[in-house]
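All remarks here apply to the structure that follows.
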Amino acid sequence: MSARSKHEIGTRTASASVSLTRRQRDILEFFAAYRRDQGISPTLEEIAVSLGVNKVTIFGHVAELERKGVLVRAARGISRGLQLAASEPEPAGSRSSTTIAVLGRIAAGRPIEAIEDAEELDLADLLPPGRECYALRVKGDSMIEDGIRDGDVVLIERRVEAKNGETVVAVLADEECTLKRFYREKNRIRLQPSNAALKPMYVTSVEIRGVVVGVIRRY
């Protein structure tokens, strides 16, 4: 069976038990084709451009597809984190409690769009007990003076608040992500790189998606 046929069957299976509009079916067909051709999920912007509608319209349809259980999201804030619910099933109980997902890449230089990357790590001895964690692969060198290098995997405790000086996953107003030390100042927030060659970023608000609790390096 061809890759195209498998994705088309997966799409039909996902939508067989729910009522979908014509536009929602168009979105699913594009979604499956993009996953087949590119190996990653499309962004909402890419879906909108392909179908010739605005991003707000696509956002509404995708939200409804999530509600209906046809699309599922790996994590909030990951622009390529959507998946077809029936196209890549995972056997119940197949993941151990010490296996966490590498959800994508995080910028340690200038902000970049997070990219889904299907990968898992068994971290039984590294995870802080009783905390919800995930992992991101670092791209860039803005945190090298903290021992975080390009290509490293950082372990993130999922939190929405941080103390001054903690290294955080920060989501900016344009939904791009960056890895920086967090400092709350009088009328602004400073996102400080750990690289003397780079300047800090200043913002009035930022969304915290987690705090770094560990680093893994492959030599």
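The values are calculated or read from the model by the stated rules, or taken from the named source; none is laboratory data. Small disclaimer: the values here were computed from a predicted structure and weren't measured. Because the Cβ atoms are built from the backbone with ideal geometry, glycine has one as well, and the counts that use them run over all protein chains shown.
Count of the range 197-219 residues, restricted to those that are in a loop (DSSP other than H, G, I, E, B), in contact (Cβ under 8 Å) with a residue 40 or more places away in the chain and surrounded by 14 or more Cβ atoms within 10 Å (Cβ to Cβ), is 1.
Taking the range 60-177 and the strands (runs of 3 or more DSSP E) fully enclosed by it, the elements with 2 or more residues that are among the hydrophobic types (A, V, I, L, M, F, W, C) and at pLDDT 70 or above are at 71-73, 82-84, 99-107, 133-139, 153-157, 167-171. Among the residues examined, S194 does not qualify as more than 21 Å from R137 (Cα to Cα), in a loop (DSSP other than H, G, I, E, B) and not aromatic (F, W, Y). Condition first: surrounded by 14 or more Cβ atoms within 10 Å (Cβ to Cβ), acidic (D, E) and assigned by TED's automatic domain parsing to the domain that holds L198. Can you find one or more residues in the range 126-140 that meet it? Within the range 126-140, none of the residues are surrounded by 14 or more Cβ atoms within 10 Å (Cβ to Cβ), acidic (D, E) and assigned by TED's automatic domain parsing to the domain that holds L198.
If you go through the range 47-65 and keep only what is touching a residue at least 12 places away in the same chain (Cβ under 8 Å) and among the basic types (K, R), you end up with nothing.
Based on what the data block shows, is S194 buried (at least 17 other Cβ atoms within 10 Å of the Cβ), hydroxyl-bearing (S, T, Y) and in contact with a strand residue (DSSP E or B) (Cβ under 9 Å, 6 or more places away or on another chain)?
yes
State whether one or more residues within the range 152-174 are surrounded by fewer than 16 Cβ atoms within 10 Å (Cβ to Cβ), in the same structural domain as A197 (by TED's automatic domain parsing), under 12 Å from I106 (Cα atoms) and out of contact with any Asp or Glu (no Cβ under 7 Å at 6 or more places or on another chain). No, that holds for no residue.
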